[in-house]
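Visitor: The structure under discussion is supplied below as structure tokens; questions concerning it will follow.
The values are calculated or read from the model by the stated rules, or taken from the named source; none is laboratory data. Since the model is a prediction, treat every value here as computed from it, not as a measurement. Note that each Cβ is placed from the backbone with ideal geometry, even for glycine, and that neighbours are counted across all protein chains shown. SASA here: full protein model, heavy atoms, side chains in, ligands and nucleic acids out. Shrake-Rupley method; radii C 1.70, N 1.55, O 1.52, S 1.80 Å.
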Amino acid sequence: MNYIEPAGKSFRKTILALFLGSFVTFADLYSTQPVIPVFAKQFGVSPAMASLTLSFATGTLALCLLLVSFFSENIDRKKIMGTALTLSALLSICVSFIQDDLYILIAIRAIQGAVLAGFPAIAMAYINEEFHPKSLGYVMGIYVSGSSIGGLAGRLIVGVLTDHFSWNIAIGSLGALSLIISLAFWWMLPPSQHAVRVRVSLSRIKTSLINNLRNNRLVLLFGMAFLLMGSFVTVYNFVGIPLMGPPYHLSQTLIGFIFIIYLVGTFSSTWMGKLADQYSRRVVLLIGIAIMLMGALLTLLDPLLLKIMGLALFTFGFFGAHSIASSWVGSLADKSEKAQASALYLLFYYAGSSIVGASGGLFLMKFGWGGVISAVSILILLAAACAMMVEKVKIIK
């Protein structure tokens, strides 16, 4: 097959386009995360209620992933991804006009999450179909690094501009930037060449779901995605609240700059992805999860520098583990069902973000930061157990 290979002319242009698409997806999706404390104060609600501006977006994204993956079979993957990015950028601009109605804000964010479903699952399938198998770990690492830089840039832009102007101007500015990048994506990404065209029907959907869910190895990766992403979002949803209080009293700008830590995820996703190509996926994955747990526990210490170091380790381990697990899904799935397998992985991934991410606020209110980290640590240990079992279980035929 005529794969996109590192020596080919289109390799760099294609991975840059995927990087930019991932950038926009995560910048827009998590744009409200750094201003959850601001929403809680402005709208007079609890942090858990304010976090619904994120949880509803990730929740509808999770619900729509499977639908998009099935009904995209006869549509060019580039068109789906490009349309998703463009509409998301426009919705971010719409969010900037909301003044005093939290429920309208949550509703628009829910629509935005549904729209964004058109990018992640399709992008993962595109990578697994169009690039040579020997370079999948590296390419997936670059793609995941786009999510870390997008998450960083979105949070940093919104955090800083909110401190100097307002959250409305901040999110509107991010939407304008996302729109420009979306147009670049349309220009740079080549159309898909190797997608398997399958007629969509209820029986086809049922068969694909059964086949993927019978694959116990895939199911373990799906569960791991739920646990790790839920842990990751919980920590970043609420870490700003204790840091804005005593004894730290950090400003919104400084809270925003904490997300620079995401840069370590840019490195770890690519580096650990390459290591997984060369060595055992399971071993490298478990190392990433162990680093994530150590980082979470380090945030329990009082000195601010140690808390930030803990967040850095936590982030490093998460993005490394995610890049390995997501590429592993593509290699375990049948050729004609890679998009659906990727969609199921991301459904669990974003369901973890939505369900666990919102419930973390309850632990914060009742037990403080120690309660949040205790819950997160248990989830990370469960994820490690899933990773250890992936190669040991048998696939049900």
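Visitor: Mind telling me which of the residues 370, 317 ends up being out of contact with any Phe, Trp or Tyr (no Cβ under 8 Å at 6 or more places or on another chain), open to solvent by 10 Å² or more (accessible area, probe 1.4 Å) and modelled with pLDDT of 90 or more?
Guide: Testing whether each residue is out of contact with any Phe, Trp or Tyr (no Cβ under 8 Å at 6 or more places or on another chain), open to solvent by 10 Å² or more (accessible area, probe 1.4 Å) and modelled with pLDDT of 90 or more leaves just 370.
Visitor: Can you tell me which of (1) open to solvent by less than 20 Å² (accessible area, probe 1.4 Å); (2) farther than 22 Å from residue 218 by Cβ; (3) more than 17 Å from the chain's Cα centre (by Cα) is the one residue 301 doesn't meet?
Guide: (1)
Visitor: Which of the following residues is over 16 Å from the mean Cα position of the chain (by Cα), under 27 Å from residue 163 (Cα atoms) and assigned to a helix (DSSP H, G or I): 136, 105?
Guide: Values: 136 fails: under 27 Å from residue 163 (Cα atoms).
Only one candidate passes the filter, namely 105.
Visitor: Is there any pair with a first residue in the stretch 269-285 that is within 20 Å of residue 313 (Cβ to Cβ) and a second that is in a helix (DSSP H, G or I) and among the acidic types (Asp, Glu) whose Cβ atoms are under 9 Å apart and which are 6 or more apart or on different chains, and what are they?
Guide: Nothing qualifies.
Every residue, every condition in (1) in a helix (DSSP H, G or I); (2) under 29 Å from residue 253 (Cα atoms); (3) within 21 Å of the chain's Cα centre (by Cα), yes or no:
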{"position": "115", "(1), (2), (3)": "yes, no, yes"}
{"position": "153", "(1), (2), (3)": "yes, yes, yes"}
{"position": "159", "(1), (2), (3)": "yes, yes, yes"}
{"position": "162", "(1), (2), (3)": "yes, yes, no"}
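Visitor: Looking at the stretch 335-346, can you tell me whether even one residue there is at pLDDT below 90 and surrounded by fewer than 17 Cβ atoms within 10 Å (Cβ to Cβ)? First the steps, then the outcome.
Guide: Applying the first criterion (at pLDDT below 90) to the stretch 335-346 yields 335-346.
Retained after the next criterion (residues that are surrounded by fewer than 17 Cβ atoms within 10 Å (Cβ to Cβ)): 335-336.
Yes - at least one qualifying residue is present in the stretch 335-346.
Visitor: Let me ask something else. Quick check, is residue 36 surrounded by fewer than 22 Cβ atoms within 10 Å (Cβ to Cβ), β-branched (Val, Ile, Thr) and either modelled with pLDDT of 90 or more or more than 17 Å from the chain's Cα centre (by Cα) (or both)?
Guide: For residue 36, the condition - surrounded by fewer than 22 Cβ atoms within 10 Å (Cβ to Cβ), β-branched (Val, Ile, Thr) and either modelled with pLDDT of 90 or more or more than 17 Å from the chain's Cα centre (by Cα) (or both) - is not met.
Visitor: Name the residue, out of 385, 351, 312, that is assigned to a helix (DSSP H, G or I), touching a residue at least 60 places away in the same chain (Cβ under 8 Å) and open to solvent by less than 60 Å² (accessible area, probe 1.4 Å).
Guide: Values: 385 fails: touching a residue at least 60 places away in the same chain (Cβ under 8 Å); 312 fails: touching a residue at least 60 places away in the same chain (Cβ under 8 Å).
Sole residue among the options that is assigned to a helix (DSSP H, G or I), touching a residue at least 60 places away in the same chain (Cβ under 8 Å) and open to solvent by less than 60 Å² (accessible area, probe 1.4 Å): 351.
Visitor: Applying the selection to the stretch 175-193, what residues are open to solvent by 20 Å² or more (accessible area, probe 1.4 Å), farther than 18 Å from residue 13 by Cα and not aliphatic (A, V, I, L, M)? So that I can check it myself, show each step before the final result.
Guide: Narrowing the stretch 175-193 to residues open to solvent by 20 Å² or more (accessible area, probe 1.4 Å): 176-177, 179-181, 183-184, 186-188, 190-191, 193.
Subsequent filtering for residues that are farther than 18 Å from residue 13 by Cα retains 176-177, 179.
Result: no residue meets the conditions.
Visitor: Within the stretch 58-77, can one find any residue that is free of Cβ contacts under 8 Å to residues at least 60 places away in the same chain, under 18 Å from the mean Cα position of the chain (by Cα) and more than 23 Å from residue 189 (Cβ to Cβ)? Even if it seems obvious, please write down each step before you answer.
Guide: Narrowing the stretch 58-77 to residues free of Cβ contacts under 8 Å to residues at least 60 places away in the same chain: 60, 64, 67, 75.
Filter once more, keeping what is under 18 Å from the mean Cα position of the chain (by Cα): 60, 64.
Cutting the leftovers down to more than 23 Å from residue 189 (Cβ to Cβ) gives us 60.
Yes, that holds for at least one residue.
Visitor: Restricted to the stretch 19-46, and to residues that are assigned to a helix (DSSP H, G or I) and of a type in the set (A, V, I, L, M), which residue is farthest from residue 361 (Cα to Cα)? Quick ask: steps written out before the conclusion?
Guide: Let us first name the residues in the stretch 19-46 that are assigned to a helix (DSSP H, G or I), namely 19-29, 33-43.
Narrowing the set further to residues that are of a type in the set (A, V, I, L, M) leaves 20, 24, 27, 29, 35-36, 38, 40.
Values: 20: 31, 24: 26, 27: 22, 29: 19, 35: 14, 36: 11, 38: 15, 40: 12 Å.
Among residues in the stretch 19-46 that are assigned to a helix (DSSP H, G or I) and of a type in the set (A, V, I, L, M), the one farthest from residue 361 (Cα to Cα) is 20.
Visitor: Still on this model: Which of the residues spanning the stretch 137-152 are hydrophobic (A, V, I, L, M, F, W, C) and open to solvent by 10 Å² or more (accessible area, probe 1.4 Å)?
Guide: Within the stretch 137-152, 142, 149, 152 meet the criteria.
Results for (1) of a type in the set (A, V, I, L, M, F, W, C); (2) on the phi < 0 side of the Ramachandran plot; (3) surrounded by fewer than 24 Cβ atoms within 10 Å (Cβ to Cβ), shown as yes or no for each residue.
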residue: 50; (1), (2), (3): yes, yes, no
residue: 63; (1), (2), (3): yes, yes, yes
residue: 96; (1), (2), (3): no, yes, yes
residue: 107; (1), (2), (3): yes, yes, yes
residue: 112; (1), (2), (3): no, yes, no
residue: 118; (1), (2), (3): no, yes, no
residue: 128; (1), (2), (3): no, yes, no
residue: 135; (1), (2), (3): no, yes, yes
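Visitor: Here is a further query. Can you find even one residue in the stretch 324-332 that is open to solvent by 30 Å² or more (accessible area, probe 1.4 Å) and at pLDDT below 85?
Guide: Yes, the stretch 324-332 has at least one match.
Visitor: For residues that are surrounded by fewer than 22 Cβ atoms within 10 Å (Cβ to Cβ), of a type in the set (Val, Ile, Thr) and within 12 Å of residue 96 (Cα to Cα), tally how many sit in the stretch 156-174.
Guide: Residues meeting the conditions: 2.
Visitor: On to the next question. Could you give me the residue pairs with C-beta distances under 8 Å whose first residue belongs to the stretch 1-30 and is farther than 29 Å from residue 152 by Cα and surrounded by fewer than 17 Cβ atoms within 10 Å (Cβ to Cβ), whose second residue is charged (D, E, K, R) and modelled with pLDDT of 70 or more wherever it lies, and which are 6+ apart or on separate chains?
Guide: Note: pairs meeting the criteria are 3/130.
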